[in-house]
Each structure stands twice: as structure tokens, then as C-alpha cells.
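Please read the structure below before turning to the comments.
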Amino acid sequence: MKSVVVAAHQDPVSVSTNSRVVEAVLACQEKLPMACGGKGLCATCHVHVLEGADKLSPITPREKLALPMLAEQQPNSRLACQAKVLGDGVKISLPRVAYLDASSTLERLIGRRAEMPIVHPVHGRVLIAAGKIITRSRIQELAFVDVDIQEMQSRCQSIEKNSYSER
Ligand code: FES
């Protein structure tokens with residue numbers, strides 16, 4: 001077992017050696033939408049490694065492709081679905097953002113201010129800044145996000161098909 005600290009939680013959580021960072025995040029009851037189901041195709045499991053980067057598995061080829069596309073990418077960025085915990089002393093933080101899962105999700109928030117940045121689930125760009133009022137016209141402008149999500153889902157399906165056919 002290895003201990004991981006998820007920032008904002010004082011107590012470390014224990015995860016099995018070689019388990020993915022996402023296991024530690026979920027053990028802290030933090031939400032991680034994982035829109036692509038852990039295939040390295042989205043922004044929704046993006047974390048920042050504050051300590052212990054050398055206690056994680058090396059950056060995967062999929063992360064090498066995905067991380068540069070993320071709007072909030074930093075040198076310490078990793079994808080929690082790809083990075084594995086190999087040693088003690090890893091500390092991570094999660095971006096304080098809300099990932100949009102469909103433009104229609106915002107309908108119930110019309111007329112309210114965004115409590116935190118609402119960001120694109122594939123590349124993490126800010127769609128609605130914190131404090132901005134959510135309007136019907138802005139939601140209509142965000143219809144392209146639904147198309148992007150569909151494209152990501154079809155890429156996920158083709159990865160799954162290919163992995164089945166390789167077995
Ligand atoms: S869940 Fe999509 S990249 Fe990790």
C-alpha cells in the first residue's frame with residue numbers, strides 16, 4: 001500500500017501500489033467525472049502533482065498527446081487515469097472547476113452566477129468564468145460542446161473496438 005495526499009484533505013489515503021491516482025481521489029470522496037472513461041482523451045481527470053512526482057509512473061504516450069491540449073496544463077500536470085502510484089509521498093491537487101457534461105445541464109442555472117469556472121470537458125478551456133451570469137443565449141452558444149463530447153465518445157468507442165479486436 002502507498003499513501004497519497006489529495007490537497008484539501010489533511011489525511012493521506014492508502015491505495016494499492018501500482019493503482020491509478022484516480023483511486024486516491026475517489027477514496028477522498030472527490031468527484032472526478034472521467035468523461036472518457038479513463039482513456040486519456042479528456043480533461044476531466046486532470047490533476048496537479050504538488051509533491052512526489054518521482055513516485056508516479058512515467059508519463060504515458062497518451063498523456064504526451066493529451067496534456068499539451070489542456071488549457072490549464074502546467075509542468076506538474078498529470079491525468080489521474082493514467083498515472084500510477086509507485087511510492088509514498090505523492091500529493092496532488094484538483095483544479096477548482098466544474099466540467100460541463102452537456103450544454104443542457106446549464107439550463108437549471110439560468111440567471112445564476114457560476115460559482116466556479118465552468119470548463120470544456122475535453123480540453124479544459126473556460127466556457128463561463130466564475131461569477132458570470134449564466135444566460136440562455138450563452139447556453140445556446142455552447143451547443144458546440146455537445147458535438148465535441150460526441151466526437152470524444154466515438155473516439156472512445158473506436159479505441160474499445162480496437163482493443164477488443166487485438167485480443
Ligand atoms: S478520464 Fe479522460 S483522460 Fe482520464
(message) Within the stretch 70-94, take every residue that is under 16 Å from the mean Cα position of the chain (by Cα) and charged (D, E, K, R) and give me the one that is farthest from G52 (Cα to Cα).
(response) E72
(request) Residues being part of a strand (DSSP E or B) and out of contact with any Gly (no Cβ under 9 Å at 6 or more places or on another chain): count how many of those fall in the stretch 90-121. (result) 4
(request) Take G52 and decide whether it is crowded, with 17+ Cβ neighbours inside 10 Å, in contact with a Gly (Cβ under 7 Å, 6 or more places away or on another chain) and over 26 Å from I128 (Cα atoms). (result) yes
(message) I'd like to know if the stretch 88-101 contains one or more residues that are under 19 Å from K2 (Cα atoms), at pLDDT 95 or above and within 15 Å of the ligand (Cβ to nearest atom).
(response) yes
(request) Run G124 past the list (1) of a type outside the set (A, V, I, L, M); (2) crowded, with 16+ Cβ neighbours inside 10 Å; (3) outside any loop (DSSP other than H, G, I, E, B) and report the number of the one that doesn't hold. (result) (3)
(message) If a residue must be within 13 Å of the ligand (Cβ to nearest atom) and among the polar types (S, T, N, Q), how many such residues does the stretch 16-66 contain?
(response) 2
(request) Pairs only if they're at least six apart or on different chains, beta carbon under 7 angstrom, first in the stretch 53-79 and in a helix (DSSP H, G or I), second within 14 Å of the ligand (Cβ to nearest atom) and of a type in the set (S, T, N, Q); list them, first residue then second. (result) R62/Q82; E63/Q82; L67/Q73; L67/S77
(request) Search the stretch 17-44 for residues being assigned to a loop (DSSP other than H, G, I, E, B) and free of Cβ contacts under 8 Å to residues at least 24 places away in the same chain, and hand back the single one that is nearest to H120 (Cα to Cα). (result) K31
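The values are calculated or read from the model by the stated rules, or taken from the named source; none is laboratory data. On a predicted model such as this, the values are computed, not experimentally measured, just so you know. Heads up, the Cβs are rebuilt from the backbone with ideal geometry, glycines too, and the neighbour counts pull from every protein chain shown.
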